[in-house]
Amino acid sequence: MMPPMATDDDILRTAFRTCPLCEAGCGLEITIKGESVVRIRGDRDDVFSKGFICPKGSTLKQLHDDPDRLRKPLVRRDGVHVEVDWPEAWAEVERGLGGVIERHGRESVAVYLGNPSAHSLSAMMFNRALLQGIGTRQRYSASTVDQLPRQVAGGYVFGTPVSVPVPDLDRTDYLVIMGANPYASNGSLCTAPDFPGRIEAMRARGGTLVVVDPRRSRTAEEADRWLPIRPGTDALLLAAVVNVLAAEGLADPGPHVAPHLNGMSEAIAACEPFTPEAVAAATGLDAEEIRRLARELAAAPSATVYGRIGTTTTEFGTTASWLIDVVNTLTGNLDRAGGAMFTSPVAGSATTRGAGGSGQGFRIGRGSTRVSKHPEVMGEYPAAAMAEEITTPGEGRLRALVTVAGNPVLSTPNSVRLDAALEDLDFMVSVDIYLNETTRHADVILPSPSQLQRGHYDLLLLQFAVRNVANYSEAPLPLHPGQPDEWEILAKLALIAQGQGAEADPALVDDLAIAGLVGRAVVDPSSPIHGRDPDEVLEQLSAERGPARQLDFMLQTGPFGAAFGAVPGGASLRQLQEHPHGIDFGALEPRLPDVLRTPSGKVELAPPELLADVPRLVAAMHALASQPLVLVGRRHLRSNNSWMHNIGVLVKGKPRCTLQVHPDDAARLGLRNGGVARVTSRVGAVDAPVEVTDAIRPGVVSLPHGWGHGQPGTRMRVAAERPGVNSNVLADHEAMDPLSGTSVLNGIPVEVAPV
Ligand code: SF4
């Protein structure tokens, strides 16, 4: 008998896609049969990740197949979410959002952008259009519970909030990691697939790793030295390192940087009060250990200090980030191989566009919140302020909310308060793939396509990569008939908010966006296409609609770009489509002074805003010497904030949402391993299982974040089986870094008692 004929559904094909789940951006090789994913593994030919993936990478298949992932819009009727067709959902949005705008004005509508927005090309390109369409400045995001202090410091010192030097991991001889655990997170604001492998390569070539962390994290386990600092005191340690460098004559920015430096003596003078002895009690670190750190940083052939969430989500997040720049500069490691360097993003950024070497600089405070007067920072307000802006009566009160890929009820401070506040809104619409703890409050939920139905380019995160690389992925799987792409959802929301009606065509927004980009570039003397005919440029762009076309423009006008034929062989979308494993444009190169966008054209090592914060740090040096018990967060390799907790293979095994307690504290507090403890802060209390471990310093307890599932009205069945507790119930909405509006999530004063 003849074998049956093979159909399209039987044929295996391979697609390559960058993993969008975390900042590492690993290449995936995806085997597909028909419209089903058969297997996902690391792409061994990916120019950046070379086959590396973590356990999360392959679960894009489970995420795609998850029966709880929303495929159709939901509308809340009589308190229950029901599936509707897209036209009905859009009509509901028009009624609800349009009604609020008509009754209360555009500033009564807020937008909250969640962390996955930063990993979505559509969101990166079209969230701005959404905000413009609504016409609101009420923007909130996960940035104010994460990295904003690092960006504010970069803005003041180098001129733009994306002027963030990254550790040159592949060439450094001495790496200090503060408040980061790349063995679990794979790095952040430092795009480096296989961060652990890069650390191991450094150590194999004789390099040294020092980890500064209240927890003996997986990364600390691998380190040559672990400095178990007390939470929230990183700025004090760094100021003491500056103090030692100056006192011992070790401060030398080097001949490459010195001509481009302002404020070195002022920065050193600001650190005079912070001798190692003065900060020892607050930091919990021995003065001689601090001196050793400073001396080794200065003596290493190359060295770099890298700080992440443990340094940013504290009361001194911006000051700590600034002092990291000061230490890297004074040890001669700014902008040199093996030190802290600037990426040249292939798709361009604020550090490549416009004339290099000077600029407008950076400022905050173009507006403030209505209730607590928190200043605007990078166009947004603290997420911690959102609840009071909803519940406090008066002119300008928030009456509607649009969330995009966010779950602020689990990820922002004083969750109980925000959870209640969302019920106070007149209308809420969420762009999300799950009915989760936040979207359960939404009147309408608009599901984005699965990650495997979207094209990808890590527009934001490749700005912080440890090599200059570019990688564009086509969507491995097609959209279903009638299913809108993510950019179409965002563009349509913008048009409805503008008053153009539920029938408006999202392509209008796309056309306007690309015409605006081209129109501005051809009249910009610093643009590689200055003076060109805009129509001719538009004709040469990729025929693709949506984010791909805008990306083509950005690639062509970026630092390696083809400039529409002017640079043969230069970067373009077509070139990347021909290279599905990405293109490596080389190691990072020194970029001073062109990278600078400060008004002076210099590195401003002593910005007035940061100097003004020093007296507060001096006061804290004394106050923090007698800290009570404090809570810090932690990250697990199989976790990614809240939204991967519905994937069975990632959450199986013994419960991970435990309260880690040092044995001395456990004995003092009467806690036992496996028992339950009540953790109480100024704003809330949770009961969590106790894990007694010496992998945390005494005086500190730790809960991971992103848990607290199983709320009524949610539809994440796997997550609900292992709900965990929500650490943000304990986070105080009033505790924040005043320079960035970023919440204190590490170093929350708590009391702990057995239940
Ligand atoms: S490290 Fe990050 S980017 Fe790489 S596979 Fe894991 S989740 Fe994806």
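The values are calculated or read from the model by the stated rules, or taken from the named source; none is laboratory data. Being a predicted model, the structure only gives us computed values, none of them experimental. Using ideal geometry, Cβ is built from the backbone for each residue, glycine included, and neighbour counts are taken over all protein chains shown. In case anyone asks, the SASA skips ligands and DNA or RNA and just uses the protein heavy atoms, side chains included. Shrake-Rupley method; radii C 1.70, N 1.55, O 1.52, S 1.80 Å.
Would you check which residues across the range 409-438 are open to solvent by 20 Å² or more (accessible area, probe 1.4 Å), among the charged types (D, E, K, R) and touching a strand residue (DSSP E or B) at 6+ places or on another chain (Cβ under 7 Å) and list them?
ASP426
Scan the range 277-297 residue by residue and report those that are open to solvent by 30 Å² or more (accessible area, probe 1.4 Å) and in a helix (DSSP H, G or I). Even if it seems obvious, please write down each step before you answer.
Keep residues of the range 277-297 that are open to solvent by 30 Å² or more (accessible area, probe 1.4 Å), which gives 277-278, 281, 284, 286, 288-289, 291-292, 295-296.
Hits for the range 277-297 are GLU277, ALA278, ALA281, GLU288, GLU289, ARG291, ARG292, ARG295, GLU296.
Taking the range 261-276 on its own, how many of its residues are in contact with a helix residue (DSSP H, G or I) (Cβ under 8 Å, 6 or more places away or on another chain) and either under 19 Å from PHE158 (Cα atoms) or surrounded by 22 or more Cβ atoms within 10 Å (Cβ to Cβ) (or both)?
9
Residue by residue through the range 219-236, note down the ones that are in a helix (DSSP H, G or I) and in contact with a Pro (Cβ under 9 Å, 6 or more places away or on another chain).
Quick first cut of the range 219-236, residues in a helix (DSSP H, G or I) only: 219-221, 234-236.
The answer is THR219, ALA220.
Going by the conditions given, is PRO87 within 13 Å of the ligand (Cβ to nearest atom), open to solvent by 40 Å² or more (accessible area, probe 1.4 Å) and either out of contact with any Gly (no Cβ under 9 Å at 6 or more places or on another chain) or touching a residue at least 24 places away in the same chain (Cβ under 8 Å) (or both)?
Values: within 13 Å of the ligand (Cβ to nearest atom): no; open to solvent by 40 Å² or more (accessible area, probe 1.4 Å): yes; either out of contact with any Gly (no Cβ under 9 Å at 6 or more places or on another chain) or touching a residue at least 24 places away in the same chain (Cβ under 8 Å) (or both): yes.
Criteria not met by PRO87.
ALA123 passes all but one of (1) open to solvent by 10 Å² or more (accessible area, probe 1.4 Å); (2) touching a residue at least 60 places away in the same chain (Cβ under 8 Å); which number fails?
(1)
I'm trying to understand the selection: among the residues of the range 567-617, which are in contact with a Lys or Arg (Cβ under 8 Å, 6 or more places away or on another chain), assigned to a loop (DSSP other than H, G, I, E, B) and open to solvent by less than 50 Å² (accessible area, probe 1.4 Å)?
LEU588, PRO593, LEU596
Among the numbered criteria (1) in contact with a strand residue (DSSP E or B) (Cβ under 6 Å, 6 or more places away or on another chain); (2) within 14 Å of the ligand (Cβ to nearest atom); (3) open to solvent by 20 Å² or more (accessible area, probe 1.4 Å), which one does PRO55 miss?
Result: PRO55 fails condition (1) only.
In the range 126-172, how many are under 29 Å from LEU588 (Cβ atoms), more than 20 Å from the chain's Cα centre (by Cα) and surrounded by fewer than 24 Cβ atoms within 10 Å (Cβ to Cβ)?
2
Given the structure, is VAL111 away from the ligand (no atom under 16 Å from the Cβ), in contact with a Lys or Arg (Cβ under 9 Å, 6 or more places away or on another chain), aliphatic (A, V, I, L, M) and without any contact (Cβ under 8 Å) to a residue 60 or more places away in the chain? Before you say what the answer is, go through the steps one by one.
On the way: away from the ligand (no atom under 16 Å from the Cβ): yes; in contact with a Lys or Arg (Cβ under 9 Å, 6 or more places away or on another chain): yes; aliphatic (A, V, I, L, M): yes; without any contact (Cβ under 8 Å) to a residue 60 or more places away in the chain: no.
When the stated conditions are applied, VAL111 does not pass them.
When the residues of the range 28-40 are narrowed to those that are more than 10 Å from the ligand (Cβ to nearest atom) and free of Cβ contacts under 8 Å to residues at least 40 places away in the same chain, which ends up nearest to the chain's Cα centre (by Cα)? Break it down stepwise before answering.
Taking the range 28-40 first, the residues more than 10 Å from the ligand (Cβ to nearest atom) are 29-39.
The next check asks that each one be free of Cβ contacts under 8 Å to residues at least 40 places away in the same chain; those that pass are 29, 31, 33-34, 36, 38-39.
Numbers: GLU29: 25, THR31: 29, LYS33: 34, GLY34: 34, SER36: 31, VAL38: 30, ARG39: 28 Å.
Once the filter is applied, the top-ranked residue is GLU29.
Can you tell me how many residues in the range 9-27 are at pLDDT below 95 and either more than 12 Å from the ligand (Cβ to nearest atom) or part of a strand (DSSP E or B) (or both)?
So the count comes out to 4.
I'm trying to understand the selection: among the residues of the range 379-393, which are in contact (Cβ under 8 Å) with a residue 24 or more places away in the chain and open to solvent by 50 Å² or more (accessible area, probe 1.4 Å)?
First, pick out the residues of the range 379-393 that are in contact (Cβ under 8 Å) with a residue 24 or more places away in the chain: 379-391.
Selection gives THR391 alone.
Counting just the residues of the range 60-84 that are within 16 Å of the ligand (Cβ to nearest atom) and in contact with a strand residue (DSSP E or B) (Cβ under 8 Å, 6 or more places away or on another chain), which one comes out most open to solvent (accessible area, probe 1.4 Å)?
Filtering first and then ranking leaves LYS61.
For the range 41-51, enumerate the residues that are over 21 Å from the mean Cα position of the chain (by Cα) and within 9 Å of the ligand (Cβ to nearest atom).
Hit for the range 41-51 is GLY42, nothing else.
Only one residue in ALA620, ALA563, ALA548, ALA543 is part of a loop (DSSP other than H, G, I, E, B), among the aliphatic types (A, V, I, L, M) and crowded, with 16+ Cβ neighbours inside 10 Å, so which one is that? Don't jump to the end; show me each part of the working.
On the way: ALA620 fails: part of a loop (DSSP other than H, G, I, E, B); ALA548 fails: part of a loop (DSSP other than H, G, I, E, B); ALA543 fails: crowded, with 16+ Cβ neighbours inside 10 Å.
Going through ALA620, ALA563, ALA548, ALA543 in turn, the sole match is ALA563.
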